[in-house]
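Peer 1: Right, I'll just put the structure down here and ask away after.
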Protein chains: 2
Amino acid sequence: MAERLNSADTALRARAARVIPGGMWGHLNAANLPEGYPQFFRRAEGCRLWDVDGNQVVDFMCSWGPIVLGHHHPAVDAAARRQAALGSTMNGPAEVMVELAEQLTAMLPAADWCLFEKNGTDATTACVTIARAGTGRRKVLAARGSYHGAAPWCSPSLVGVTAEDRAHIIHYDYGDLASVAAAMAEAGDDLAGVLVAAFRHDMARELEMPTRAFAQGLRALCDARGAALILDDVRAGFRLHLGGSWEAYGVRPDFSAWSKAIANGYALSAVTGAEKWRDAASRVFTTGSFWAEATSMAAALATLRELQRVDGPALMQAMGERLRTGLSMLAARYDVPVRHSGPAQMPLMLFEGDADFRRGNAFCAAALRAGAYFHPKHNMFLSCAHGAADIDRGLEAAEAGFRAVSGM
Amino acid sequence: MAERLNSADTALRARAARVIPGGMWGHLNAANLPEGYPQFFRRAEGCRLWDVDGNQVVDFMCSWGPIVLGHHHPAVDAAARRQAALGSTMNGPAEVMVELAEQLTAMLPAADWCLFEKNGTDATTACVTIARAGTGRRKVLAARGSYHGAAPWCSPSLVGVTAEDRAHIIHYDYGDLASVAAAMAEAGDDLAGVLVAAFRHDMARELEMPTRAFAQGLRALCDARGAALILDDVRAGFRLHLGGSWEAYGVRPDFSAWSKAIANGYALSAVTGAEKWRDAASRVFTTGSFWAEATSMAAALATLRELQRVDGPALMQAMGERLRTGLSMLAARYDVPVRHSGPAQMPLMLFEGDADFRRGNAFCAAALRAGAYFHPKHNMFLSCAHGAADIDRGLEAAEAGFRAVSGM
């Protein structure tokens with residue numbers, strides 16, 4: 001197999017090491033990725049990505065979620081350019097903010113109003129703040145291990161975080177109503193709300209869809225306590241169901257937090273909520289210098305309309321299933337047992353008996369050299385730009401991965 | 001005087017009232033502005049702004065800070081377009097992130113490293129987290145009334161905020177070293193850092209520049225306690241001094257928080273810091289879905305280079321002084337006593353004996369009808385797009401404002 005070029009990436013990493021602590025921050029630090037994964041990227045088109053050394057891959061991370069229609073989707077980029085030519089960050093919003101809020105409230109049955117922000121963390125933080133404002137209570141339940149952002153109150157890291165930052169967070173176990181009831185008992189009459197991810201997508205373990213009984217039970221428990229059911233749809237939003245990820249279970253949250261896929265890579269997040277919380281949402285102070293940036297809103301409006309037009313979730317599901325079926329066939333052929341989990345649009349493949357991810361890393365490293373960018377332990381993402389030929393190209397690369405693992 | 005058209009704005013406000021709580025959030029809510037101020041904007045060019053009814057104004061708010069070179073600056077927009085044509089939100093950063101970090105560390109004497117984020121609040125929050133990580137201590141001092149963002153730990157509003165969110169924040173009075181020493185004594189051996197705005201720019205009161213004695217005294221007090229001096233340069237950054245706002249006082253902070261003007265309206269923020277904090281900065285977990293967005297970084301790089309090329313602070317200072325001189329002459333002519341405060345690049349004009357802002361509001365409302373967008377109680381912003389003719393056009397409009405106030 002040809003050596004993968006990486007001299008430009010290596011040189012950039014050396015420069016980055018001097019001016020960025022650790023070379024890169026957070027989830028995008030390539031130090032957390034299998035060997036050979038590039039840190040820096042030069043170009044993107046559809047579901048293809050080129051690193052700074054010119055290596056091309058079929059991409060199954062979609063920028064960790066934002067790219068839902070494929071890079072450089074013409075309708076989205078044209079809408080963004082049209083708005084940018086008028087004005088983007090002005091002394092107040094442009095008309096497109098209202099159009100986007102109307103689009104969201106029309107497409108999401110649980111949504112009567114919207115607020116816009118920049119980060120998923122801004123959205124989850126605003127949900128918690130509004131729940132506290134609306135109830136006059138303080139305690140918020142969150143599932144142990146769920147990711148809800150990188151602010152001190154919810155960060156997966158405790159470095160630089162104080163105990164008080166989390167004083168009013170009580171944990172339950174995802175999918176376990178008894179643990180929710182116990183956490184609610186601990187909150188007593190001080191329960192403001194319950195945060196829940198659209199599905200259990202903790203890193204480095206099997207993904208887990210909620211059962212209908214869990215989703216409906218959570219809704220009933222919140223109703224009984226007058227607490228807000230806060231659906232964190234930042235990661236899954238607009239990939240599983242265009243009416244909100246829990247619409248399939250017949251459950252409407254009090255608020256939902258959105259970001260990632262909302263604008264196909266333009267920076268935007270949103271909170272949508274039910275009528276009864278409108279007053280509380282109008283009383284909290286939540287703002288940012290770029291939260292009315294019109295370009296990102298024009299991109300979001302075009303993204304959501306295109307997702308409706310092509311039925312994005314169904315497209316991504318079909319291609320995700322094609323990928324999963326192909327991976328299963330290859331796994332059987334090479335006699336390497338794997339476990340698939342999660343929705344087909346956001347799949348994860350784990351190797352049996354691979355607690356240290358030795359196989360997963362070897363699979364990914366070999367597949368990368370053969371032209372596909374997979375992730376060994378975080379859910380991956382499909383986009384509407386993934387066609388059958390792209391999936392098949394990805395499977396070709398995956399075969400190199402299975403070949404590498406088969407001898408281990 | 002001709003009536004100002006506002007039918008399109010009125011219609012949009014009615015639509016917004018249905019889908020956005022309170023019609024608009026945060027600092028951009030026009031309900032907090034003088035009568036007749038539009039909520040929605042259609043177009044922007046240089047220092048001119050058109051609302052959705054087509055009314056044109058010379059703008060003295062610059063989108064509350066971000067617009068530092070003027071809307072649609074050709075070098076900035078071209079750099080952003082070039083990067084966007086390659087890729088923006090990818091699986092990792094583009095080369096431009098390193099170039100931007102190298103630019104910032106080269107131009108800022110206090111900066112040895114950078115982190116990038118999206119909101120000013122992300123930057124101030126990261127500074128506090130890094131200070132805690134680096135010292136292993138918890139207490140952070142902040143000036144009473146200073147704005148450092150809209151997260152629960154620092155928001156100017158307490159709605160939905162818990163006491164624990166602020167458990168480790170201790171207040172001092174801006175400019176008063178004795179109050180800093182007292183707050184430090186209260187923090188005892190648990191002092192992580194001191195947050196300080198580049199100048200005192202609290203809303204609805206005179207702006208106040210720090211004295212050299214205060215800036216240097218704060219540095220010495222932090223040094224004596226091993227605490228981080230955190231300069232919040234989000235609002236003033238790149239308008240007062242391209243080496244950092246306290247470079248003029250000979251004071252180098254441990255970290256600085258940047259946003260607003262850094263990318264001429266593209267969404268970006270940054271933390272820069274000194275070598276001794278690099279390890280702590282590499283250990284905290286701080287991230288967001290769009291924090292590596294390459295388009296905003298390309299815009300920032302072009303913005304900073306252009307600010308250096310034209311000596312932006314000097315340009316804005318000269319035009320701000322022209323504005324202030326003109327306003328003073330008009331105030332004398334109409335016999336309306338006013339008080340100017342703050343740096344000329346970020347000026348504020350208050351009317352004497354106007355605690356309820358009746359004159360300030362009347363002045364602004366009349367000036368708006370005559371074609372200039374001023375603010376009665378928040379510092380305003382100049383940009384490098386403000387030329388002498390724009391200032392003079394603004395002064396013409398201001399004369400209408402003084403005429404309105406002169407009879408009050």
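The values are calculated or read from the model by the stated rules, or taken from the named source; none is laboratory data. Note that the structure is a prediction, hence the values are computed from the model and not measured. Don't worry about glycine lacking a Cβ; one is built from the backbone with ideal geometry, like all the others, and counts go over all protein chains shown.
Peer 1: Please go through (1) touching a helix residue (DSSP H, G or I) at 6+ places or on another chain (Cβ under 6 Å); (2) in contact (Cβ under 8 Å) with a residue 60 or more places away in the chain for residue B:249 and return the number of the only condition it doesn't satisfy.
Peer 2: Against the list (1) touching a helix residue (DSSP H, G or I) at 6+ places or on another chain (Cβ under 6 Å); (2) in contact (Cβ under 8 Å) with a residue 60 or more places away in the chain, residue B:249 comes up short only on (2).
Peer 1: Check residue B:378 against each of (1) over 20 Å from the mean Cα position of the chain (by Cα); (2) within 22 Å of residue B:48 (Cα to Cα) and name the one condition it does not meet.
Peer 2: Here residue B:378 meets the rest and fails (1).
For (1) basic (Lys, Arg); (2) facing chain B (nearest Cβ under 7 Å); (3) within 21 Å of the chain's Cα centre (by Cα), each residue gets a yes or a no:
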{"site": "A:263", "(1), (2), (3)": "no, no, yes"}
{"site": "A:269", "(1), (2), (3)": "no, no, yes"}
{"site": "A:288", "(1), (2), (3)": "no, yes, no"}
{"site": "A:294", "(1), (2), (3)": "no, no, no"}
{"site": "A:304", "(1), (2), (3)": "no, no, yes"}
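Peer 1: Something else about it: Residue under question is residue A:90, and the condition is that it be part of a loop (DSSP other than H, G, I, E, B), crowded, with 23+ Cβ neighbours inside 10 Å and either in contact (Cβ under 8 Å) with a residue 12 or more places away in the chain or in contact with a Phe, Trp or Tyr (Cβ under 7 Å, 6 or more places away or on another chain) (or both); does it hold?
Peer 2: When the stated conditions are applied, residue A:90 passes them.
Residue-wise test of (1) over 17 Å from residue B:184 (Cβ atoms); (2) polar (S, T, N, Q); (3) not in a strand (DSSP E or B).
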position: B:109; (1), (2), (3): yes, no, yes
position: B:125; (1), (2), (3): yes, yes, yes
position: B:128; (1), (2), (3): no, no, yes
position: B:131; (1), (2), (3): no, no, yes
position: B:137; (1), (2), (3): no, no, yes
position: B:142; (1), (2), (3): no, no, no
position: B:151; (1), (2), (3): yes, no, yes
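Peer 1: In this structure, does residue A:270 turn out to be within 30 Å of residue B:260 (Cβ to Cβ) and either part of a strand (DSSP E or B) or not assigned by TED's automatic domain parsing to the domain that holds residue A:207 (or both)? If you could, list the steps in order and put the result at the bottom.
Peer 2: Numbers: within 30 Å of residue B:260 (Cβ to Cβ): yes; either part of a strand (DSSP E or B) or not assigned by TED's automatic domain parsing to the domain that holds residue A:207 (or both): yes.
In short, yes.
Peer 1: Taking the range A:20-34 as the region of interest, how many residues are more than 8 Å from every other protein chain (Cβ to nearest Cβ) and touching a Cys at 6+ places or on another chain (Cβ under 9 Å)?
Peer 2: So the answer is 2.
Peer 1: Now for a separate question. Is it the case that the range A:371-379 has a residue that's surrounded by fewer than 21 Cβ atoms within 10 Å (Cβ to Cβ), of a type in the set (Gly, Ala, Ser) and closer than 17 Å to residue A:65 by Cα?
Peer 2: no
Peer 1: Sticking with this one: Among the residues of the range B:96-116, which ones are more than 14 Å from residue B:233 (Cα to Cα) and among the aliphatic types (A, V, I, L, M)?
Peer 2: Hits for the range B:96-116 are B:96, B:97, B:98, B:100, B:101, B:106, B:107, B:115.
Peer 1: Working only within the range A:93-118, note down all residues that are over 17 Å from residue A:273 (Cβ atoms) and either more than 8 Å from chain B (Cβ to nearest Cβ) or surrounded by 24 or more Cβ atoms within 10 Å (Cβ to Cβ) (or both). Please lay out each step first, then the result.
Peer 2: Within the range A:93-118, the first condition is being over 17 Å from residue A:273 (Cβ atoms), and the residues that meet it are A:93-96, A:99, A:118.
Answer for the range A:93-118, where residues must be over 17 Å from residue A:273 (Cβ atoms) and either more than 8 Å from chain B (Cβ to nearest Cβ) or surrounded by 24 or more Cβ atoms within 10 Å (Cβ to Cβ) (or both): A:93, A:94, A:96, A:99, A:118.
Peer 1: Can you tell me which residue among A:78, A:17 is more than 8 Å from chain B (Cβ to nearest Cβ), out of contact with any helix residue (DSSP H, G or I) (no Cβ under 9 Å at 6 or more places or on another chain) and aliphatic (A, V, I, L, M)? Give the derivation first.
Peer 2: Working: A:78 fails: out of contact with any helix residue (DSSP H, G or I) (no Cβ under 9 Å at 6 or more places or on another chain).
Sole residue among the options that is more than 8 Å from chain B (Cβ to nearest Cβ), out of contact with any helix residue (DSSP H, G or I) (no Cβ under 9 Å at 6 or more places or on another chain) and aliphatic (A, V, I, L, M): A:17.
Peer 1: Right, something else. Applying the selection to the range B:327-382, what residues are farther than 26 Å from residue B:3 by Cα and small (Gly, Ala, Ser)?
Peer 2: Scanning the range B:327-382 gives B:328, B:332, B:341, B:342, B:344, B:353, B:355.
Peer 1: Looking for whichever is in a helix (DSSP H, G or I) and of a type outside the set (Val, Ile, Thr) here; the options are A:181, A:192. Which one fits?
Peer 2: Working: A:192 fails: in a helix (DSSP H, G or I).
Step by step, each of A:181, A:192 is checked, and only A:181 is in a helix (DSSP H, G or I) and of a type outside the set (Val, Ile, Thr).
Peer 1: Can I ask one more? Would you confirm whether any residue within the range A:3-11 is within 9 Å of chain B (Cβ to nearest Cβ), buried (at least 19 other Cβ atoms within 10 Å of the Cβ) and at pLDDT 95 or above? Give the steps one after another, and end with the answer.
Peer 2: In the first step, residues of the range A:3-11 are kept if they are within 9 Å of chain B (Cβ to nearest Cβ); the result is A:8.
Okay, now just the ones that are also buried (at least 19 other Cβ atoms within 10 Å of the Cβ), so none.
Checking the range A:3-11: not a single residue is within 9 Å of chain B (Cβ to nearest Cβ), buried (at least 19 other Cβ atoms within 10 Å of the Cβ) and at pLDDT 95 or above.
Peer 1: So, in the range A:119-144, of the ones that are among the hydrophobic types (A, V, I, L, M, F, W, C), touching a helix residue (DSSP H, G or I) at 6+ places or on another chain (Cβ under 7 Å) and more than 21 Å from residue B:29 (Cβ to Cβ), which residue ends up surrounded by the most Cβ atoms within 10 Å (Cβ to Cβ)?
Peer 2: Of everything passing the filter in the range A:119-144, A:140 is surrounded by the most Cβ atoms within 10 Å (Cβ to Cβ).
Peer 1: Can you tell me which condition residue B:46 does not meet? The list is (1) touching a Gly at 6+ places or on another chain (Cβ under 6 Å); (2) without any contact (Cβ under 8 Å) to a residue 24 or more places away in the chain, and all the others hold.
Peer 2: Looking at each condition in turn, residue B:46 falls short on (2).
Peer 1: So residue A:56 ticks every box in (1) surrounded by fewer than 23 Cβ atoms within 10 Å (Cβ to Cβ); (2) under 30 Å from residue B:113 (Cα atoms); (3) in contact with a strand residue (DSSP E or B) (Cβ under 6 Å, 6 or more places away or on another chain) but one. Which box is left unticked?
Peer 2: Every listed condition holds for residue A:56 apart from (2).
Peer 1: Under 8 Å between Cβ atoms, at least 6 apart or on separate chains: pull out the pairs that start in the range A:223-243 with a residue that is more than 24 Å from residue A:315 (Cα to Cα) and end on any residue that is modelled with pLDDT of 95 or more and among the basic types (Lys, Arg).
Peer 2: If the second residue must be modelled with pLDDT of 95 or more and among the basic types (Lys, Arg), the pairs left are A:227/A:137; A:229/A:219.
Peer 1: Look through the range A:165-183, keep the residues that are aliphatic (A, V, I, L, M) and touching a Leu at 6+ places or on another chain (Cβ under 9 Å), and return whichever of them is nearest to the other protein chains (Cβ to nearest Cβ).
Peer 2: Taking the candidates together, the pick is A:169.
Peer 1: In addition: Is it fair to say residue B:38 is under 21 Å from residue B:361 (Cα atoms), in contact with a helix residue (DSSP H, G or I) (Cβ under 6 Å, 6 or more places away or on another chain) and at the interface with chain A (Cβ under 9 Å from one of its Cβ atoms)? Step through it out loud before you land on a result.
Peer 2: Working: under 21 Å from residue B:361 (Cα atoms): yes; in contact with a helix residue (DSSP H, G or I) (Cβ under 6 Å, 6 or more places away or on another chain): yes; at the interface with chain A (Cβ under 9 Å from one of its Cβ atoms): yes.
Yes, satisfied.
Peer 1: Could you list all residues from the range B:62-72 that are crowded, with 23+ Cβ neighbours inside 10 Å and in a loop (DSSP other than H, G, I, E, B)?
Peer 2: Once the filter is applied, which keeps residues that are crowded, with 23+ Cβ neighbours inside 10 Å and in a loop (DSSP other than H, G, I, E, B), the range B:62-72 yields B:65, B:66, B:67, B:68, B:69, B:70.
Peer 1: Now, a different point. Could you tell me whether any residue of the range A:97-118 is at positive phi, out of contact with any strand residue (DSSP E or B) (no Cβ under 9 Å at 6 or more places or on another chain) and touching a residue at least 40 places away in the same chain (Cβ under 8 Å)?
Peer 2: Within the range A:97-118, the first condition is being at positive phi, and the residues that meet it are none.
No, because not a single residue in the range A:97-118 is at positive phi, out of contact with any strand residue (DSSP E or B) (no Cβ under 9 Å at 6 or more places or on another chain) and touching a residue at least 40 places away in the same chain (Cβ under 8 Å).
Peer 1: Additional query: Mind listing just one residue for me: the one in the range B:152-161 that is crowded, with 20+ Cβ neighbours inside 10 Å and either facing chain A (nearest Cβ under 7 Å) or more than 17 Å from residue A:161 (Cβ to Cβ) (or both) and, of those, nearest to the chain's Cα centre (by Cα)? Spell out the reasoning first.
Peer 2: Quick first cut of the range B:152-161, residues crowded, with 20+ Cβ neighbours inside 10 Å only: B:152-155, B:160-161.
Checking the rest, the ones that are also either facing chain A (nearest Cβ under 7 Å) or more than 17 Å from residue A:161 (Cβ to Cβ) (or both) come to B:152, B:155, B:160-161.
Numbers: B:152: 19, B:155: 15, B:160: 25, B:161: 23 Å.
Restricting to residues being crowded, with 20+ Cβ neighbours inside 10 Å and either facing chain A (nearest Cβ under 7 Å) or more than 17 Å from residue A:161 (Cβ to Cβ) (or both), the top hit is B:155.
Peer 1: Could you say which residue among A:257, A:298, A:281 is at the interface with chain B (Cβ under 8 Å from one of its Cβ atoms) and surrounded by 24 or more Cβ atoms within 10 Å (Cβ to Cβ)? Give the derivation first.
Peer 2: Details: A:257 fails: at the interface with chain B (Cβ under 8 Å from one of its Cβ atoms); A:298 fails: at the interface with chain B (Cβ under 8 Å from one of its Cβ atoms).
The match here is A:281.
Peer 1: Of all residues in the range B:309-347, count the ones that are over 18 Å from residue B:407 (Cβ atoms) and touching a Lys or Arg at 6+ places or on another chain (Cβ under 8 Å). Spell out how you get there, then give the answer.
Peer 2: Going residue by residue through the range B:309-347, those that are over 18 Å from residue B:407 (Cβ atoms) are B:309-329, B:339-347.
From what is left, the residues that are touching a Lys or Arg at 6+ places or on another chain (Cβ under 8 Å) are B:312-313, B:316, B:340, B:343-347.
Within the range B:309-347, residues that are over 18 Å from residue B:407 (Cβ atoms) and touching a Lys or Arg at 6+ places or on another chain (Cβ under 8 Å) number 9.
Peer 1: Which ones in the range B:206-222 are touching a residue at least 60 places away in the same chain (Cβ under 8 Å) and part of a loop (DSSP other than H, G, I, E, B)? If you could, list the steps in order and put the result at the bottom.
Peer 2: Going through the range B:206-222, the residues touching a residue at least 60 places away in the same chain (Cβ under 8 Å) turn out to be B:206-209.
Hits for the range B:206-222 are B:206, B:207, B:209.
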